[in-house]
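Since the structure comes first, as structure tokens, the remarks are kept for the end.
The values are calculated or read from the model by the stated rules, or taken from the named source; none is laboratory data. Being a predicted model, the structure only gives us computed values, none of them experimental. We place every Cβ from the backbone using ideal geometry, glycine too, and count neighbours over all the protein chains shown.
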Amino acid sequence: MTTESVPPAAGATGPAAPQPIEAAVARNSADVKFSGVERHYGNLAALAGFDLEIKAGELVALLGPSGCGKTTALRLLGGFDQPTVGTITVGGRDITRVPANKRDMGMVFQAYSLFPNMTVRENVAFGLRMRGHQKTARLRRATELLELVGLAQAADRYPHQLSGGQQQRVAIARALAIEPTVLLLDEPLSALDALVRHQLRAEIRSLQLRLGITTLFVTHDQAEALSIADRVGVMNAGRLEQIDTPENVYRYPATEFVAEFVGAMNRLPGRIGDAGEVQILGQKLRAINADGRVPGSEVGVLLRPETVAAVRDPAGHGEVVERTFLGSAFRFAVRLDGGLTVTVESSSHEPPAALGERVNLRVLADAAHVTDAVALA
């Protein structure tokens, strides 16, 4: 990478300090494009027909279960593996066969991968050292980055003297030190406890927005993906099932897999109406994925618990058979007179229904994903 720099001090050798990190990263950030990418391991297709575009400065999270291909996609972009077919471009440049050390990618792993015999400052400066930057310049940059991630006071400590969250902040600072075109985050928070994970994902998002760096974030955690990304790509069996804003992926899933993988879901019986809408629990909703279905046909309808309300009614058609307090919400299991059990979630500020109380169910959503009736449990 060619780096704009200030002249070195008298007697110094090697490249001088790069621009302030915010300007340098924003300048280098580039768009990414996967086109028809496949990766086969013998008869196994880890990726199949994978197409994805990431805009410069955008954070895209790839979400999916183990073995779905999300980490394979990240490794292909990082240059740690090569596609069987297809191309990958960064900033319009084809990097499909470019070695990893020539791609200027910043990589953050789940396991931190810090050098135990180096101080925090030396760990952050390591990439600049490998690129020939003079010692004064690289240590100055390392200090700047440690301030950015809130660890300036720990610069002279060693990794074993830091908590897991602090070590991951060091790993992020080290990845940013080389002014990467793309930041790659491979399950970076999965080894941390819940509170630290929540705090650090907010810090990562804040830092990414501040720097404007193109970022690919891989995770199996739904809340993590939905809270941190500009767009979420949900993957299944090597394919991208949906790529959209977190809100649209959650509210308007494109496939049955997305509907059931992202968040809790009810599966209820419904019927297609004359205008193509879906009729359920006495209400009419816009049907998602109902193309080709005949009016009057029986279908399954997927509804999230928070889109169903339990209304107290002594003559209601259901009974509360389970009640769980979740802190911010109550979750109820309502058994309808026909035997079907529906999960309902409501704010904990609302007066909760009691166990054994009779209720009617009311759908709050304006649309619902339709599936085959035979798939109902």
| said: Out of everything in the range 233-264 that is touching a Pro at 6+ places or on another chain (Cβ under 7 Å) and either aliphatic (A, V, I, L, M) or over 18 Å from Leu62 (Cβ atoms) (or both), what residue ends up being surrounded by the most Cβ atoms within 10 Å (Cβ to Cβ)? | reply: Ala259
| query | Scanning the range 341-377 for residues that are assigned to a loop (DSSP other than H, G, I, E, B) and modelled with pLDDT of 85 or more, which turns out surrounded by the most Cβ atoms within 10 Å (Cβ to Cβ)? | reply | Ala353
| Out of the range 83-93, which residues are crowded, with 21+ Cβ neighbours inside 10 Å and either under 16 Å from the mean Cα position of the chain (by Cα) or not in a loop (DSSP other than H, G, I, E, B) (or both)? | Ile88, Val90
| note | Over the range 320-339, the set of residues surrounded by fewer than 11 Cβ atoms within 10 Å (Cβ to Cβ) and part of a strand (DSSP E or B) is Phe325
| said: Would you confirm, using the coordinates I've provided, whether Arg267 is surrounded by 17 or more Cβ atoms within 10 Å (Cβ to Cβ), touching a residue at least 24 places away in the same chain (Cβ under 8 Å) and closer than 30 Å to Lys55 by Cα? | reply: no
| note | Subset of the range 99-112, residues modelled with pLDDT under 90 and either assigned to a loop (DSSP other than H, G, I, E, B) or not assigned by TED's automatic domain parsing to the domain that holds Gln153 (or both), comes to Asp104, Phe109, Gln110, Ala111, Tyr112
| message | Residues that are farther than 26 Å from Val258 by Cβ, β-branched (Val, Ile, Thr) and crowded, with 18+ Cβ neighbours inside 10 Å: does the range 289-312 have at least one? | response | no
| query | What strands (runs of 3 or more DSSP E) completely inside the range 25-82 contain at least 3 residues that are among the small types (Gly, Ala, Ser)? | reply | 44-54
| request: Among the candidates Thr341, Thr371, single out the residue that is touching a Leu at 6+ places or on another chain (Cβ under 9 Å), in the same structural domain as Leu285 (by TED's automatic domain parsing) and among the hydroxyl-bearing types (Ser, Thr, Tyr). | output: Thr371
| field | Subset tally (residues that are buried (at least 23 other Cβ atoms within 10 Å of the Cβ), under 11 Å from the mean Cα position of the chain (by Cα) and not hydroxyl-bearing (Ser, Thr, Tyr)) for the range 208-223 | value | 3
| field | Which numbered condition Phe115 misses (of (1) under 22 Å from Arg27 (Cα atoms); (2) modelled with pLDDT under 95) | value | (1)
| message | For the structure I just gave you, tell me whether Arg141 is at negative phi and surrounded by fewer than 21 Cβ atoms within 10 Å (Cβ to Cβ). | response | no
| request: Check the range 7-17 and report whether any residue there is modelled with pLDDT of 75 or more and closer than 30 Å to Arg129 by Cβ. | output: no
| request: Specify which of the listed residues (Leu52, Leu44, Leu63, Leu59) is modelled with pLDDT of 85 or more and more than 27 Å from Gly212 (Cα to Cα). | output: Leu44
